[in-house]
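One structure is given below, encoded as structure tokens.
The values are calculated or read from the model by the stated rules, or taken from the named source; none is laboratory data. Source: prediction; values computed, not measured. Here the Cβ is made from the backbone with ideal geometry for all residues, glycine too, and neighbour counts use every protein chain on show.
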Amino acid sequence: MTAETEEKKFREIDIAFLDTGGDESFDIFYQTESFGTIKYVKFASTDPKHQDKVRRLLEEGTDQEFYIQEEDLFKYYKYATRSLKAMVANPDIPLKKKTEKIYEVSKGVMKEFFENNTSEKILESSEEVMDMMEDCMTSAEAGFHGISAITSKDYYTYTHSVNVGLYCMTFGVKSGMSKNDTRSLSLGGMLHDVGKSKIEHGLINKNGKLNDDEFEKMKFHASAGGEILTGMGCYHNNVVRMAAEHHEKYKGGGYPKGIEGEEIHLYARICKIMDVYDALTTRRSYKKALSAFDTLVIMKKQMINDFDPKLLNSFITLMGPDL
């Protein structure tokens, strides 16, 4: 096995998530380097005495980076969500720290799915994570600016996915949707681009705008996303249609089906607004991030036929005066 192959077998974790119990079902490793070769050495196993070592380390504090094997990722994210629930329920922990940790786990889940070809099963962690974020932001009565304070300002498929989920969640909360509807909307926003996992990485990460041929290939991700979520058999039709229809345009001419108006699912129409808003307000290698104000001017003046005008006006109103 080459050193590169060995390194790909391990994933860095946040050891702070291991402080809520001693029932970890995975081994923990640290990284060393010898004569230019990276090695992974077992730090703790599932043995109780080893878990005591983890707890002592957490109490003392450390800058050491720790890793788990790729095959244990699903177990780790299940454990991380349990740890997050305890954190969210603790009134002594500041809201900012709670939301940052939830965002960190969300990014981790989506990055594994998009960049490391991890099983689709890992996406099942998304629903619990978005529920916890909703609980935090609702209790704090935070709006779009509260979300903007924690979202990544650099565009990657995995950060964009989480950002869109959070914007969808905030729209649902602020527009008075029921908890169940808000949950579906936020989850669908987070999963709206899962079809990009079927597009070659070079195309997804191209340093510049796509040419016509590349754009035609990219368009496949919408229908692919609907198929992936349908095939998983655990998501409501609302969530599936967000993935499949978020590139349809209100006045027609979108893809993959070219449907228009209210033929497009309500949640997909909302998702389209949040998708474009986040894409324009985050940095890419070939463009600067636009301000919220400039982004909304472009959406309102230059892209008005793309969006449901009532929903776009609602979004602008909910953004408030602090643009």
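Would you please name the residue that is surrounded by the fewest Cβ atoms within 10 Å (Cβ to Cβ), looking only at residues in the range 30-81 that are within 22 Å of the chain's Cα centre (by Cα) and of a type in the set (A, V, I, L, M)? Across the range 30-81, the extreme among qualifying residues is Ile68.
To keep it simple, each residue is scored yes or no on (1) touching a Ser or Thr at 6+ places or on another chain (Cβ under 7 Å); (2) at pLDDT 95 or above; (3) part of a loop (DSSP other than H, G, I, E, B); (4) among the aromatic types (Phe, Trp, Tyr).
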site	(1), (2), (3), (4)
Thr151	no, no, yes, no
Val173	yes, no, no, no
Ser197	no, no, no, no
Leu210	no, no, yes, no
Ala224	no, yes, no, no
Arg241	no, yes, no, no
Lys249	no, yes, yes, no
Ile259	no, yes, yes, no
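Taken together, the residues in the range 109-143 that are within 16 Å of the chain's Cα centre (by Cα) and of a type in the set (Ser, Thr, Tyr) amount to 4.
Sort through Thr157, Thr151, Thr138, Thr118 and tell me the only one that's farther than 21 Å from Tyr267 by Cβ and polar (S, T, N, Q).
Details: Thr157 fails: farther than 21 Å from Tyr267 by Cβ; Thr151 fails: farther than 21 Å from Tyr267 by Cβ; Thr138 fails: farther than 21 Å from Tyr267 by Cβ.
Step by step, each of Thr157, Thr151, Thr138, Thr118 is checked, and only Thr118 is farther than 21 Å from Tyr267 by Cβ and polar (S, T, N, Q).
Per-residue answers, yes or no, for (1) surrounded by fewer than 18 Cβ atoms within 10 Å (Cβ to Cβ); (2) without any contact (Cβ under 8 Å) to a residue 40 or more places away in the chain; (3) not in a helix (DSSP H, G or I):
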{"position": "Ser125", "(1), (2), (3)": "no, no, no"}
{"position": "Met130", "(1), (2), (3)": "no, no, no"}
{"position": "Asp135", "(1), (2), (3)": "yes, no, no"}
{"position": "Glu141", "(1), (2), (3)": "yes, yes, yes"}
{"position": "Tyr158", "(1), (2), (3)": "no, no, no"}
{"position": "Ser161", "(1), (2), (3)": "no, no, no"}
{"position": "Val164", "(1), (2), (3)": "no, no, no"}
{"position": "Met169", "(1), (2), (3)": "no, yes, no"}
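Applying a threshold of 7 Å to beta carbon distances and a minimum spacing of six or more residues, or different chains, the list of pairs starting in the range 88-110 at a residue that is part of a loop (DSSP other than H, G, I, E, B) and ending at one that is surrounded by fewer than 18 Cβ atoms within 10 Å (Cβ to Cβ) is empty. Output yes when any residue across the range 263-274 is free of Cβ contacts under 8 Å to residues at least 40 places away in the same chain, in a helix (DSSP H, G or I) and over 30 Å from Ala149 (Cβ atoms), and no when none is. The answer is yes, given that some residue of the range 263-274 is free of Cβ contacts under 8 Å to residues at least 40 places away in the same chain, in a helix (DSSP H, G or I) and over 30 Å from Ala149 (Cβ atoms).
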